Amino acid sequence: MDKQNISHIGIAVADLEKAIKIYSLITGDNKPEIFEVYDQKVKVAIFSSDGFPGGKIELLTPTSDDSPIAKFLSKKGEGLHHICIYVDDINQKLEELINFGAELIDKKPRKGAEGHLIAFIHPNSTGNVLIELEQRTTE
Ligand code: CO
(Lines give C-alpha, C1' and ligand atoms only; values in the text may rest on other atoms or scores of the structure.)
Protein backbone atom coordinates (compact mmCIF):
# COMPACT_ATOMS: atom_id res chain seq x y z
CA MET A 1 0.00 0.00 0.00
CA ASP A 2 1.98 2.93 -1.24
CA LYS A 3 0.72 6.11 0.34
CA GLN A 4 2.79 8.10 -2.12
CA ASN A 5 3.75 10.92 0.16
CA ILE A 6 6.86 12.84 -0.63
CA SER A 7 10.07 11.97 1.22
CA HIS A 8 11.88 15.08 0.08
CA ILE A 9 12.35 17.65 -2.63
CA GLY A 10 15.91 18.06 -3.91
CA ILE A 11 17.07 21.55 -4.86
CA ALA A 12 20.41 22.20 -6.56
CA VAL A 13 22.25 25.24 -5.20
CA ALA A 14 25.59 26.87 -6.03
CA ASP A 15 26.29 28.23 -2.54
CA LEU A 16 25.19 25.86 0.22
CA GLU A 17 25.94 28.18 3.15
CA LYS A 18 23.93 30.96 1.59
CA ALA A 19 20.99 28.69 0.73
CA ILE A 20 20.97 27.19 4.25
CA LYS A 21 20.18 30.63 5.70
CA ILE A 22 17.00 31.20 3.74
CA TYR A 23 15.82 27.57 4.00
CA SER A 24 16.39 27.62 7.77
CA LEU A 25 14.13 30.63 7.91
CA ILE A 26 11.50 29.08 5.63
CA THR A 27 11.36 25.69 7.36
CA GLY A 28 12.06 26.78 10.94
CA ASP A 29 14.78 24.11 11.10
CA ASN A 30 17.99 25.89 12.16
CA LYS A 31 19.98 22.69 12.44
CA PRO A 32 19.75 20.91 9.10
CA GLU A 33 21.62 17.64 8.79
CA ILE A 34 24.68 18.31 6.66
CA PHE A 35 26.81 15.61 5.12
CA GLU A 36 28.71 14.56 2.03
CA VAL A 37 27.66 11.80 -0.33
CA TYR A 38 30.99 10.74 -1.74
CA ASP A 39 29.85 8.58 -4.65
CA GLN A 40 27.61 11.41 -5.94
CA LYS A 41 30.23 14.10 -5.17
CA VAL A 42 27.70 16.29 -3.40
CA LYS A 43 27.24 17.94 -0.06
CA VAL A 44 23.65 17.99 1.16
CA ALA A 45 21.67 19.81 3.83
CA ILE A 46 18.40 18.20 4.90
CA PHE A 47 15.69 20.23 6.61
CA SER A 48 12.94 18.39 8.43
CA SER A 49 10.28 19.02 11.01
CA ASP A 50 10.91 17.18 14.27
CA GLY A 51 9.78 13.60 14.00
CA PHE A 52 7.60 14.27 10.98
CA PRO A 53 8.14 11.66 8.29
CA GLY A 54 8.66 13.05 4.81
CA GLY A 55 8.18 16.46 3.32
CA LYS A 56 11.84 17.34 3.75
CA ILE A 57 13.89 19.82 1.75
CA GLU A 58 17.26 18.54 0.51
CA LEU A 59 19.73 21.13 -0.73
CA LEU A 60 22.46 19.72 -2.96
CA THR A 61 25.71 21.36 -3.96
CA PRO A 62 28.60 19.79 -5.90
CA THR A 63 31.94 19.02 -4.24
CA SER A 64 33.66 18.43 -7.57
CA ASP A 65 33.36 19.63 -11.17
CA ASP A 66 32.43 16.15 -12.39
CA SER A 67 29.54 15.82 -9.93
CA PRO A 68 26.11 15.26 -11.55
CA ILE A 69 24.96 18.38 -9.66
CA ALA A 70 27.81 20.44 -11.17
CA LYS A 71 26.60 19.37 -14.61
CA PHE A 72 23.02 20.24 -13.67
CA LEU A 73 24.01 23.71 -12.41
CA SER A 74 26.03 24.55 -15.51
CA LYS A 75 23.21 23.40 -17.80
CA LYS A 76 20.15 24.69 -15.97
CA GLY A 77 21.32 26.83 -13.07
CA GLU A 78 19.98 26.54 -9.55
CA GLY A 79 16.55 25.06 -9.11
CA LEU A 80 14.36 22.03 -8.55
CA HIS A 81 16.48 18.94 -9.12
CA HIS A 82 14.31 16.00 -8.08
CA ILE A 83 11.27 14.86 -6.13
CA CYS A 84 11.59 11.78 -3.94
CA ILE A 85 8.51 9.63 -3.39
CA TYR A 86 8.15 6.90 -0.78
CA VAL A 87 7.37 3.38 -1.90
CA ASP A 88 6.77 0.35 0.31
CA ASP A 89 8.79 -2.15 -1.73
CA ILE A 90 11.34 -0.58 -4.06
CA ASN A 91 12.29 -3.82 -5.83
CA GLN A 92 8.67 -4.53 -6.65
CA LYS A 93 8.12 -0.96 -7.84
CA LEU A 94 11.17 -1.09 -10.11
CA GLU A 95 9.92 -4.36 -11.60
CA GLU A 96 6.51 -2.78 -12.26
CA LEU A 97 8.20 0.24 -13.87
CA ILE A 98 10.41 -1.99 -16.06
CA ASN A 99 7.34 -3.93 -17.18
CA PHE A 100 5.60 -0.62 -17.89
CA GLY A 101 8.51 0.37 -20.14
CA ALA A 102 9.74 3.30 -18.06
CA GLU A 103 13.28 4.53 -18.58
CA LEU A 104 15.20 3.99 -15.34
CA ILE A 105 18.50 5.47 -14.22
CA ASP A 106 18.81 2.76 -11.55
CA LYS A 107 17.41 -0.64 -12.47
CA LYS A 108 18.45 -1.85 -9.03
CA PRO A 109 18.13 0.06 -5.75
CA ARG A 110 21.19 1.61 -4.12
CA LYS A 111 21.92 3.38 -0.85
CA GLY A 112 20.97 7.06 -0.82
CA ALA A 113 22.21 10.03 1.20
CA GLU A 114 20.43 8.93 4.37
CA GLY A 115 21.28 5.25 3.99
CA HIS A 116 17.87 4.20 2.67
CA LEU A 117 17.32 2.21 -0.51
CA ILE A 118 16.70 4.56 -3.42
CA ALA A 119 16.49 4.52 -7.22
CA PHE A 120 16.05 7.21 -9.86
CA ILE A 121 13.59 7.20 -12.78
CA HIS A 122 14.70 9.06 -15.91
CA PRO A 123 12.89 12.39 -16.52
CA ASN A 124 12.14 11.20 -20.09
CA SER A 125 9.46 8.95 -18.60
CA THR A 126 8.08 11.32 -15.96
CA GLY A 127 7.20 14.62 -17.61
CA ASN A 128 10.74 15.96 -17.36
CA VAL A 129 10.98 15.69 -13.59
CA LEU A 130 13.71 13.54 -12.08
CA ILE A 131 11.92 11.19 -9.69
CA GLU A 132 13.71 9.40 -6.87
CA LEU A 133 12.03 6.44 -5.20
CA GLU A 134 12.81 5.70 -1.57
CA GLN A 135 11.86 2.58 0.28
CA ARG A 136 9.84 3.59 3.30
CA THR A 137 11.30 2.39 6.57
CA THR A 138 9.20 1.58 9.60
CA GLU A 139 11.47 2.98 12.31
CO1 CO B 1 17.14 12.90 -2.90
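Here's how it looks for His8: its modeled amide H is under 5 Å from those of Gly55, Lys56, Cys84, which are all 5 or more places away or on a different chain. Taking θ as phi - 60° and the Karplus parameters 6.51, -1.76 and 1.60, the scalar couplings of region 79-84 work out to x, 4, 9, 7, 10, 10 Hz in sequence order, x denoting glycine and proline. Sequentially through region 86-101, phi angles give Karplus couplings (6.51, -1.76, 1.60; θ = phi - 60°) of 6, 10, 6, 9, 5, 5, 5, 5, 5, 5, 4, 5, 5, 5, 5, x Hz, Gly and Pro residues having no value and appearing as x. Using a 1.4 Å probe over the heavy atoms of the protein chains, calculate the carbon and sulfur portion of the accessible area of region 6-135 as a whole percent. The computed percentage sits at 53.
For Val37, the solvent-accessible surface computed with a 1.4 Å probe is close to 20 Å², ligands and nucleic acids excluded. Running Debye on region 65-135 with equal point scatterers at the Cα sites and no solvent, what base-10 log of I(q)/I(0) appears at q = 0.21, 0.28 Å⁻¹? Debye output, listed in q order: -0.93, -1.31. Subtracting the Cα-Cα distance of Ile26 and Ile105 from 0.36 nm times their residue separation leaves 25.3 nm of extension gain.
Solvent-accessible area of Asp65, all protein chains in place: 150 Å² (probe radius 1.4 Å, heavy atoms, ligands and nucleic acids excluded). Rounded to the nearest Hz, the phi-derived 3J(HN,Hα) couplings of region 19-35 under the Karplus curve 6.51 cos²θ - 1.76 cosθ + 1.60 (θ = phi - 60°) are 5, 4, 4, 6, 6, 5, 5, 5, 8, x, 9, 8, 10, x, 6, 10, 7, where x marks glycine and proline.
Helical runs (DSSP H, four residues minimum) scored at -39500 (n - 2.57) apiece and divided by the length of the chain put the mean residue ellipticity at 222 nm at -7000 deg cm²/dmol. Under conditions of 20 °C and 1.002 mPa s, the chain yields 138 µm² s⁻¹ as its translational diffusion coefficient, taking Rh as the Kirkwood radius over Cα pairs in the Stokes-Einstein equation. Taken per residue, the accessible surface of the chain reaches 60 Å², heavy atoms only and a 1.4 Å probe.
The values are calculated or read from the model by the stated rules, or taken from the named source; none is laboratory data. Treat the numbers as computed from the prediction; the structure is a model and nothing was measured. Each accessible area value is taken on the protein alone, full model and side chains, heavy atoms only, with ligands, DNA and RNA left out. Shrake-Rupley method; radii C 1.70, N 1.55, O 1.52, S 1.80 Å.
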